Amino acid sequence: MDTGEWLDAWLESKIITPRTYEKYSTAVAKLKEVLAFTDLAEITPEFVEKATGGDSNVRSVLSMALGQTVKSGLINKNVAAVKREQRKPQEGSLFYRADRRAWVAQVTITDSTGKRIQKMSYVRVDRKTKNPPDEAIHALEDLKKLNSGGGFAHDISTVAELMEEWLGTLRIRDEQQSDGLAARTFEQYRDISHTHIIPALGRAKVKDLKKAQVEKWLRSMEETAYTKGRSTRTYSANTLRLCRVVLGMALKWANSEGLVSGNVAREAKPPGGRPGPEKHALNEDQARKLIEATRGSDLGALWALMVTTGLRRGEALGLRWQDFDGESITVTSQLKIEGGRVTRGDLKTDRSKRRLRLPDFLVADLEAHWARQVESAKAGGRLAPELIFTNSQGSHVRPDNLQKRFASACKKAGIEPHEGGKAWSVHELRHTAASQLLSKRVPMQIVSRALGHSSITVTMDVYTHLTDQDSELLAASMESLYGNKNE
């Protein structure tokens with residue numbers, strides 16, 4: 001295999017965050033230049049030194065690619081791997097922590113009172129490596145300066161330092177690490193930290209942070225107006241909640257590290273904020289029109305599926321025919337967009353993995369949909385698609401393009417926009433499913449499991465306006481029992 005093709009194939013096999021992909025791409029481009037017309041068997045340790053030019057990132061990428069090739073049995077040895085000397089105990093230690101996906105530099109020092117204190121610094125990596133990266137070695141050297149009065153470069157004093165250190169410990173899911181945060185969730189935490197928490201509380205000392213200080217900050221955000229486009233807004237209740245939650249998670253980590261003794265964010269009064277937008281749902285007649293008007297079209301079965309099951313957009317588009325057994329679907333993954341690319345990723349929560357029995361009419365619709373797909377693929381000289389819902393070329397439907405298709409479906413079904421002319425959104429099909437189930441008195445815990453919520457509390461919080469209808473049922477029940485029977 002050509003070396004360039006080998007490197008491209010290795011890179012494309014990686015399911016990684018956009019930032020990491022860009023980093024690896026740069027290294028691959030450099031390697032392709034120096035390894036052109038070179039056979040894998042000709043790569044020697046001396047050749048590695050010349051090819052990487054002392055660039056640790058380039059060498060790391062080459063080592064990962066060679067390591068994968070060793071596992072496949074094409075070559076016998078990874079000549080780019082670097083073996084470092086073992087360090088003596090008094091020199092501190094370097095070790096890898098899988099739960100934080102980071103290398104840890106650790107030293108034990110003695111303070112002015114004679115008390116022994118253990119200091120650690122975390123260097124986050126994309127995946128476990130056989131040897132610690134250069135950044136971890138430098139972090140250990142910084143820690144060792146404590147014994148010589150050089151100061152601690154990574155010590156946490158202020159809230160700003162806390163947020164940066166905590167963000168560095170977070171793990172992001174990839175094909176090597178099944179647990180951890182989705183890349184989009186990490187970006188949300190980082191944006192909240194940099195946009196709201198650090199500018200307001202960054203200079204405050206972590207150990208001196210008070211509950212009243214956090215509550216004052218949240219109240220000031222609640223009263224602050226900002227401009228978005230041509231409109232002036234106030235922060236939503238969800239934004240304020242996220243600010244408190246993210247600060248609370250950072251302080252919880254600080255507590256586990258012995259930096260603080262409590263969590264003032266958790267103790268602070270939850271903020272108010274602008275109420276979220278009103279939730280809309282199709283009524284029974286509108287939902288029926290949508291299903292019947294689009295039956296037999298490319299995405300007709302998709303709209304019927306989302307109306308009847310409440311699947312999220314990415315969950316529905318990520319369904320494969322192997323997930324359908326002729327009477328039920330099993331939701332195990334989703335399609336999502338990261339860095340402009342459509343990728344298959346984990347679900348929002350562990351409870352989002354679920355098996356849902358389908359109504360008989362929808363089973364028949366899906367079977368007819370499969371028959372049309374097979375016929376279309378055969379006519380186009382393609383294999384039958386893996387995905388249940390595809391575009392005209394048999395490939396995935398981009399989640400961010402689905403709204404346009406839904407608008408056309410609503411128009412075909414004669415469903416008018418909301419009051420004020422606002423178009424119906426795809427996500428409102430999920431609200432439609434929840435609304436119909438709750439209106440039919442389906443128990444809340446069953447609805448919560450069907451929607452894939454992390455807990456029944458989430459379902460109750462989101463659909464409080466619907467569960468209020470239960471009070472009418474209670475009143476009617478009590479009236480039938482104790483009302484005046486003579487009237």
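The values are calculated or read from the model by the stated rules, or taken from the named source; none is laboratory data. Everything numeric here is computed off the predicted structure, so don't read it as measured data. Virtual Cβ from ideal backbone geometry, glycine too; neighbours counted across all protein chains shown.
Which of the following residues is of a type in the set (A, V, I, L, M, F, W, C), free of Cβ contacts under 8 Å to residues at least 40 places away in the same chain and not assigned by TED's automatic domain parsing to the domain that holds VAL123: TRP217, TRP253, TRP166?
TRP217
Does ALA368 count as assigned to a helix (DSSP H, G or I) and under 19 Å from THR308 (Cα atoms)?
yes
Checking the conditions here, which among GLU386, GLU367, GLU327 is of a type in the set (D, E, K, R) and in contact with a strand residue (DSSP E or B) (Cβ under 6 Å, 6 or more places away or on another chain)?
Testing whether each residue is of a type in the set (D, E, K, R) and in contact with a strand residue (DSSP E or B) (Cβ under 6 Å, 6 or more places away or on another chain) leaves just GLU386.
Could you check segment 64-75 and list, in sequence order, the residues that are under 28 Å from the mean Cα position of the chain (by Cα) and polar (S, T, N, Q)?
GLN68
Return the residue satisfying two criteria in turn: it lies in segment 178-204 and is in a loop (DSSP other than H, G, I, E, B) and surrounded by 15 or more Cβ atoms within 10 Å (Cβ to Cβ), and of such residues it is modelled with the lowest pLDDT.
For segment 178-204, the residue satisfying everything is GLY180.
Filter segment 262-275 down to residues that are modelled with pLDDT under 85 and in a loop (DSSP other than H, G, I, E, B) and give me whichever is farthest from VAL307 (Cα to Cα).
GLY262
Could we say that ASP400 is among the acidic types (Asp, Glu), within 19 Å of ILE337 (Cα to Cα) and assigned to a helix (DSSP H, G or I) here?
yes
Can you tell me which residue in segment 127-173 is modelled with the lowest pLDDT, limited to those that are in contact with a strand residue (DSSP E or B) (Cβ under 8 Å, 6 or more places away or on another chain) and among the charged types (D, E, K, R)?
ASP155
A quick yes/no check of all residues on (1) β-branched (Val, Ile, Thr); (2) modelled with pLDDT under 95; (3) surrounded by 17 or more Cβ atoms within 10 Å (Cβ to Cβ); (4) within 23 Å of the chain's Cα centre (by Cα):
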{"residue": "ALA301", "(1), (2), (3), (4)": "no, no, yes, no"}
{"residue": "ARG312", "(1), (2), (3), (4)": "no, yes, yes, yes"}
{"residue": "GLY326", "(1), (2), (3), (4)": "no, yes, no, no"}
{"residue": "LEU335", "(1), (2), (3), (4)": "no, yes, yes, yes"}
{"residue": "ARG341", "(1), (2), (3), (4)": "no, yes, no, yes"}
{"residue": "LYS348", "(1), (2), (3), (4)": "no, yes, yes, yes"}
{"residue": "ARG351", "(1), (2), (3), (4)": "no, yes, no, yes"}
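Which fully enclosed helices (runs of 4 or more DSSP H) of segment 276-318 have 2 or more residues being β-branched (Val, Ile, Thr) and in the same structural domain as ARG405 (by TED's automatic domain parsing)?
Correct list: 284-294, 300-309.
So which residues in segment 387-404 are under 24 Å from the mean Cα position of the chain (by Cα) and of a type in the set (D, E, K, R), if there are any at all?
Of everything in segment 387-404, those that are under 24 Å from the mean Cα position of the chain (by Cα) and of a type in the set (D, E, K, R) turn out to be ARG398, ASP400.
For segment 212-238, how many residues meet the condition of being buried (at least 18 other Cβ atoms within 10 Å of the Cβ) and among the hydroxyl-bearing types (Ser, Thr, Tyr)?
Selection size over segment 212-238: 1.
Which ranges mark the helices (runs of 4 or more DSSP H) fully within segment 1-105 that have 2 or more residues being within 27 Å of VAL342 (Cα to Cα) and at pLDDT below 75?
It comes to 18-34.
Mind checking which residues of segment 417-439 are part of a loop (DSSP other than H, G, I, E, B) and closer than 12 Å to LEU290 by Cβ?
TRP424, VAL426 - these are the residues of segment 417-439 that are part of a loop (DSSP other than H, G, I, E, B) and closer than 12 Å to LEU290 by Cβ.
Does LEU259 qualify as being farther than 30 Å from VAL307 by Cα, of a type in the set (A, V, I, L, M) and either modelled with pLDDT under 80 or not in a helix (DSSP H, G or I) (or both)?
yes
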